[in-house]
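K.L.:
Sending over a structure as structure tokens; questions will come in a sec.
The values are calculated or read from the model by the stated rules, or taken from the named source; none is laboratory data. Please read all numbers here as calculations on a predicted model, not as lab measurements. FYI the Cβ positions are ideal-geometry reconstructions off the backbone, even for glycines, and counts take in every protein chain you see.
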Amino acid sequence: MLVLTRKKGESVVIGDQIVVEIVEIDGDQIRLGITAPKNIQIHRAEIYQAIQEENKEALTVSENFIKNIKKNSK
């Protein structure tokens, strides 16, 4: 993990296309502005985890559905 110190208005560049800027600092909260191509998805970590869990659940439901279809078609 890379740990950096930045002040309000300063940025970090990731690769050639992603810029993360410190927009505001208020006590222990920091507001970030992220500029990236539209094809790159950006999520808060907890949202990303929820999406991953829902995808796993949907896959399980789909596998069970297919198994039931195969069983019932015999």
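K.L.:
For residues that are over 17 Å from the mean Cα position of the chain (by Cα) and loosely packed, with under 10 Cβ neighbours inside 10 Å, tally how many sit in the range 16-54.
P.N.:
Adding up the residues that qualify gives 5.
K.L.:
Right, something else. Filter the range 44-62 down to the residues that are among the hydrophobic types (A, V, I, L, M, F, W, C) and modelled with pLDDT under 90 and list them by number.
P.N.:
Answer for the range 44-62, where residues must be among the hydrophobic types (A, V, I, L, M, F, W, C) and modelled with pLDDT under 90: A58, L59, V61.
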